[in-house]
Amino acid sequence: MGRVERLLDPAYRLATVILLDFAAAEDAVHDATLEGWTRYRRLAGEVDDFRTWFLAIVATRCRRMRWRRLLPFGARGEEPEASDLVSDVLLHLRKIPRAVLFCHHFLSLPREEIALVLDMSPNQVRDRLYSAEERLQEELDQDIGVTIPRPEDSERSGDER
Amino acid sequence: MSDSLGDEVQQAFAKMTRAPRTYLYERLRESIWGRPAPAVLVPPRSAPWVGPILNPSPGSSRKAPRAVLVAVVLVITLATVALLAGPGGLVHQVAALRTALTSRSPTAATAARPATSAAPRASAAPAASAPASEPSSSPNATPAAGNPTSQAGAPAPLPGYSCAGQRGGASGQSTMTTARGGPQNGYDRFVVQFSGEVPQFEVRPQDSAAFAQAGLLGSAGLTVTLMNTTAGGGPTDLRLGLRMIQEAKILSSSGGTVQWGIGLARASCFHAFVLPSPSRLVVDVQS
C-alpha cells in the first residue's frame with residue numbers, strides 16, 4: 001500500500017505550481033499529509049478516489065498558505081525558474097489557471113477530477129482552461145515576452161477566483 | 001490547444017517543478033510516527049494507507065524511530081532479567097547444579113531436575129500472566145468455541161475481530177447499490193453500499209468455499225446475509241484474488257434477502273461493522 005508514496009510526487013509538483021516556492025511546497029505537502037492521515041483514519045479508509053481526495057487536501061492547504069504568504073514577512077524559499085518562453089508565461093499566469101493547466105496537461109486529470117481537486121465547478125474548470133490556453137497561445141504567437149501581470153499583483157487586488 | 005503546445009506545456013511544467021526530496025519522506029515518517037494516534041471510530045491499526053516508505057515493513061532497511069528501539073530494548077532487558085532471576089531461572093539452576101556437584105549425592109542431583117523442567121514456563125515470566133497461561137479460558141478464545149473449524153490454523157484475532165458469526169444493522173428496507181473489495185495492511189476489506197440504511201445483516205463463517213454449491217475460489221468462506229434488501233445494481237461476482245478474499249459473489253437474491261458468499265484463502269477471523277454517509281456494510285478479514 002504505497003498510496004501516499006505514489007502521490008507525493010504529483011502532490012509536491014502541484015504545490016510548487018500553486019505556491020511557486022519549493023520549500024513552502026514541502027511544508028504544504030507535509031501538513032496536508034498529516035491532515036489526510038488523521039482524516040483517513042476517521043473515515044476508516046473508506047475514500048472513493050484516493051488520488052482526488054489527497055490532491056484536494058494538498059490544494060486546499062496551498063491556498064491557505066498562499067494567503068499567509070501575502071503578508072510582508074516570513075522567509076521565502078527557492079522559486080521555480082523559467083527555462084523557456086512557455087514556462088515563463090506559465091510562471092506569470094495566475095495561480096488557478098496555472099494549476100488548472102498543470103492538472104490537465106501534466107497530471108492528465110479529467111475536468112471533473114480537476115474540479116474536485118481545486119474546489120471549483122466543472123464549468124469553471126472548462127472556462128479557466130480555455131482562457132488560460134487562449135492566453136498562452138496569444139503570448140506565444142506574439143513572442144514578444146511576458147505581458148501578463150505578476151500573480152502577486154493581481155492577488156493583492158483581490159480578484160483571484 | 002494543439003497537441004504540440006500541450007506537450008510543450010507538459011515539458012515546461014516538468015522543468016519548472018521537481019520530484020520531492022528524500023528529506024520530505026523522512027520528515028513525514030518522523031511526524032506520523034512521533035505523534036499520538038488521533039481518536040478513531042474503528043479498531044486502531046497502523047496507518048494502512050501510508051505505504052512502505054512512511055510505514056516500513058519489518059524487513060525494511062529504514063531506521064525505526066527511537067521510541068520503538070527503546071521499547072524493544074526494554075522488552076529484551078525484562079525478558080533477560082526474568083530468565084536469570086525468576087523462579088527456576090538460570091541463577092537458581094546454576095546454584096542447584098553447584099550444590100549437586102558439591103555434595104555429589106544422587107538425591108541432590110535429582111533435586112536439580114524439577115528446577116530444570118520448570119525453566120521453560122518461567123522463562124516467559126514477565127509476560128506470562130494468568131490468562132496467557134490458560135489460553136483455552138481466555139476471553140479471546142471464547143468466539144472460537146462456537147466455530148472451532150474456522151479457528152484452526154487462523155492467527156489470534158485482533159481487537160474487534162472475532163471468528164464467530166456477527167450481526168447488526170437496522171430493520172428498515174434498503175437497496176444494495178454496489179459492492180467492492182480491496183487489500184489493506186493486515187486485512188482485506190469487502191464493502192457493500194446501500195441507498196438507504198444498512199439493513200439487518202449476518203456474517204457467518206463457513207468451513208469451505210464450496211458452500212451452497214457456489215464453487216467460490218478459496219478454501220474457506222463467509223456468508224453475508226442481508227435481510228429486507230433488494231439488489232439494485234453493482235457487480236454480482238468480484239474475483240478479487242486478494243491475500244485473503246479470493247472472490248465475492250451473490251449466491252442468491254430473492255424474497256427480499258440477498259446473500260453474498262466470500263471465498264477466503266484460508267479460515268480467518270473477521271470484523272463486520274457499519275459506516276454511514278453513504279451507508280456501508282464493511283467486512284474486514286484478518287490476513
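The values are calculated or read from the model by the stated rules, or taken from the named source; none is laboratory data. Remember, predicted model here, so these are calculated numbers, not experimental data. So basically every Cβ, Gly included, is an ideal-geometry build from the backbone, and we count neighbours across all protein chains shown.
Considering only residues that are under 30 Å from B:Gln193 (Cα atoms) and not in a helix (DSSP H, G or I), look in segment A:5-44 and name the one that is modelled with the lowest pLDDT.
A:Ala44
For the structure I just gave you, tell me whether B:Pro199 is touching a Cys at 6+ places or on another chain (Cβ under 9 Å) and not small (Gly, Ala, Ser).
So B:Pro199 does not fit the description; no.
Out of all the residues in segment B:26-52, which are surrounded by 18 or more Cβ atoms within 10 Å (Cβ to Cβ) and either facing chain A (nearest Cβ under 8 Å) or modelled with pLDDT of 75 or more (or both)?
Scanning segment B:26-52 gives B:Leu28, B:Arg29, B:Ile32, B:Ala47, B:Pro48, B:Trp49, B:Val50, B:Gly51.
Please note which helices (runs of 4 or more DSSP H) are completely contained in segment A:45-129 and include at least 3 residues that are touching a Gly at 6+ places or on another chain (Cβ under 9 Å) and at pLDDT 90 or above.
A:50-69
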